[in-house]
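Data block below; observations after.
The values are calculated or read from the model by the stated rules, or taken from the named source; none is laboratory data. Keep in mind that what you see is a predicted model, and the values were worked out from it rather than measured. Using ideal geometry, Cβ is built from the backbone for each residue, glycine included, and neighbour counts are taken over all protein chains shown. Keep in mind that these areas ignore ligands, DNA and RNA; they rest on the heavy atoms of the full protein, side chains included. Shrake-Rupley method; radii C 1.70, N 1.55, O 1.52, S 1.80 Å.
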Amino acid sequence: DTLGLLISVLVINANCSEQKGGAFVVHEMAQADAQTLQLVWVDQGYQGENFARVIEQLCGAKVEVVRRSEAGFVVLPKRWVVERTFGWLNQNRRLSKDYELLPEVSEAMIQGAMIRLMLQRLGEQYEATSSFI
């Protein structure tokens, strides 16, 4: 989402295309709640009419490709949200390297790391509001 929190997690083999994995994640999420997504930001690995059409058919969301406009290092709009989330995940030792044998274990570790992060934020928010009471 726009805060950098995960909506859905999918760990796939390296020989699976990005578009196929992205469509599978959206399909899984659309089965749970089809009205949640309105706009999907993707990098250039997901560009193309077919991917955009599949996503629109699955959940009605529009696909917006975040493109590079210049050579060299440039902070891309919206891309920093994803990179920040990867940074949060890499603070967990088991996610800093790919040690797991099964993709399901990697997914569980990612979900655990995000749960820990969200609980940490809720605790900080509670402490900030309870000091005024």
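Any chance you could run the full-extension gain for Arg68 through Arg116? It's 0.36 nm times the residue separation minus the Cα-Cα distance, nm to one decimal.
On the way: separation 48, 0.36 × 48 = 17.28 nm, distance 3.30 nm.
Full-extension gain reported as 14.0 nm.
Using +1 at the Cβ of each Lys and Arg and -1 at the Cβ of each Asp and Glu in the chain, identify which of Val9, Val105, Ala128 lies farthest towards the dipole's positive end.
Ranked along the dipole, the leading option is Ala128.
Leaving out ligands, DNA and RNA but keeping every protein chain, what accessible area does Phe51 have, in Å² rounded to the nearest 10, with a 1.4 Å probe?
10 Å²
Roughly speaking, to the nearest percent, how much of the chain's 1.4 Å accessible area is carbon and sulfur?
Details: 5410 of 9840 Å².
Of all accessible area on the chain, carbon and sulfur atoms account for 55 percent.
Treating the beta-carbon of each Lys and Arg as +1 and of each Asp and Glu as -1, no other charges, what is the dipole magnitude of region 18-131 about its Cα centre, to the nearest 20 debye? Mind dumping the intermediate values first?
Working: 13 positive and 15 negative charges, 56 e Å.
Here region 18-131 has a charge dipole of around 260 debye.
How far is helix 79-90 tilted off the main Cα axis of the chain, in degrees rounded to 10, range 0 to 90?
The two axes meet at around 50 degrees.
Sort Trp88, Trp80, Trp41 by accessible area with a 1.4 Å probe, largest first.
On the way: Trp88 50, Trp80 130, Trp41 100 Å².
Listed by decreasing accessible area, they come as Trp80, Trp41, Trp88.
Rounding to the nearest 10 and keeping the result within 0 to 90°, find how far the Cα-based axis of helix 49-59 lies from the longest principal axis of the chain.
Approximately 50 degrees, to the nearest 10.
Taking R0 as 25 Å, what's the FRET efficiency between Asn92 and Asp43 from their Cβ-Cβ distance, rounded to 0.05? Before the final figure, lay out each step's value.
On the way: r = 24 Å, r/R0 = 0.94.
Efficiency, from the Cβ-Cβ distance: 0.60.
Helix 18-32 against the longest principal axis of the chain: what's the angle in degrees, Cα atoms only, rounded to the nearest 10?
So the inclination is approximately 60 degrees.
Which value, in Å² and to the nearest 10, is the accessible area of Glu83 when all protein chains are kept and the probe is 1.4 Å?
Here the residue's solvent-accessible area equals roughly 90 Å².
Report the full-extension gain for the segment Asn50 to Val105: residue separation times 0.36 nm, less the Cα-Cα distance, to one decimal in nm.
On the way: separation 55, 0.36 × 55 = 19.80 nm, distance 3.10 nm.
Result: 16.7 nm gained on full extension.
Could you provide, to the nearest whole Å², the per residue accessible area of the chain with probe 1.4 Å? Walk me through the numbers on the way to the answer.
Working: 9840 Å² over 133 residues.
Per-residue accessible area for the chain comes out at 74 Å².
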